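**Student:** Below you will find the structure I want to go over with you.
The values are calculated or read from the model by the stated rules, or taken from the named source; none is laboratory data. Every value quoted in this text rests on a predicted model; they were computed, and no experiment measured them. Glycine also receives a Cβ, built like all others from the backbone with ideal geometry; neighbour counts cover every protein chain displayed.
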Amino acid sequence: MQIRTRRAGMSLGLALALLVPALPALAEVKLAVVDTRRAVISSEGGKSAESTLSQLEDKKKKELEPRSGKCKKLQEDIEAQRFVLSDEAIQERMIEFQSCQRDLERDFQAAKDELAVQNRKLLAPLMKKLEEAVKEIGKDKGFDLVLERSNSGILFSTEALDITDLVIKKLNEN
């Protein structure tokens with residue numbers, strides 16, 4: 001996704017560099033800007049996806065919390081009994097703690113990966129709808145070019161060019 005964004009930014013920069021000499025001819029070009037991130041997050045579908053992801057994240061945390069507590073208790077027991085246990089017993093407990101910690105880290109990474117997959121699954125259809133909404137608004141309003149605000153390197157644009165609210169409204173209608 002970041003590679004696509006960088007390519008889009010470079011493409012936009014190249015296009016603008018080629019268009020600068022022709023600025024007088026571009027005086028009648030109608031531009032618009034949309035913040036896709038805000039549009040997705042603010043749409044009803046985006047809020048629903050965020051809620052679903054939040055529930056999944058809470059579920060994963062609840063699954064991993066007891067195991068994290070177990071590992072922490074093992075570590076505390078080792079520290080508390082360090083001077084009472086033999087070196088062999090301490091080594092055994094350290095191996096047990098390291099195994100617990102390693103398993104927990106592996107499962108944490110697996111949960112993180114699962115959340116990322118679910119995020120992509122939930123957002124892919126939304127992004128497709130967003131693209132369709134932007135195209136439809138662009139055609140209806142007669143825009144020659146619609147730029148993405150957050151990823152294309154746009155540092156400033158007037159509010160008059162921003163069609164994000166129209167895109168959110170269109171997404172919610174669909």
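**Student:** Evaluate the following for residue 149: is it exposed (fewer than 13 other Cβ atoms within 10 Å of the Cβ) and on the phi < 0 side of the Ramachandran plot?
**Tutor:** Values: exposed (fewer than 13 other Cβ atoms within 10 Å of the Cβ): no; on the phi < 0 side of the Ramachandran plot: yes.
Answer is no for this residue.
**Student:** When you scan the stretch 141-165, how many residues do you find that are assigned to a helix (DSSP H, G or I) and in contact with a helix residue (DSSP H, G or I) (Cβ under 9 Å, 6 or more places away or on another chain)?
**Tutor:** Qualifying residue count for the region: 3.
**Student:** Checking the structure you have, find out if any residue of the stretch 39-55 is more than 31 Å from the chain's Cα centre (by Cα), hydrophobic (A, V, I, L, M, F, W, C) and at pLDDT below 95.
**Tutor:** Applying the first criterion (more than 31 Å from the chain's Cα centre (by Cα)) to the stretch 39-55 yields none.
No - not one qualifying residue is present in the stretch 39-55.
One line per residue, one yes/no per condition, for (1) under 30 Å from residue 147 (Cβ atoms); (2) touching a residue at least 60 places away in the same chain (Cβ under 8 Å); (3) part of a helix (DSSP H, G or I):
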residue	(1), (2), (3)
47	yes, no, yes
58	no, no, yes
75	no, no, yes
89	no, no, yes
94	no, no, yes
100	no, no, yes
118	yes, yes, yes
123	yes, yes, yes
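**Student:** Please list, ordered by first then second residue, the pairs with beta carbon atoms under 8 Å, 6 or more apart or interchain, first in the stretch 144-155 and without any contact (Cβ under 8 Å) to a residue 40 or more places away in the chain and under 10 Å from residue 33 (Cα atoms), second of a type in the set (Phe, Trp, Tyr) and buried (at least 16 other Cβ atoms within 10 Å of the Cβ).
**Tutor:** none
**Student:** Now a separate question. Just to verify a result, which residue in the stretch 152-166, among those that are farther than 19 Å from residue 41 by Cα and under 22 Å from the mean Cα position of the chain (by Cα), is surrounded by the fewest Cβ atoms within 10 Å (Cβ to Cβ)?
**Tutor:** Ranking the qualifying residues of the stretch 152-166, first place goes to 155.
**Student:** Just one of 114, 92 is of a type in the set (D, E, K, R), within 21 Å of residue 55 (Cβ to Cβ) and surrounded by 12 or more Cβ atoms within 10 Å (Cβ to Cβ); which is it? Give the steps one after another, and end with the answer.
**Tutor:** Working: 92 fails: within 21 Å of residue 55 (Cβ to Cβ).
Just a single option satisfies the conditions, and that option is 114.
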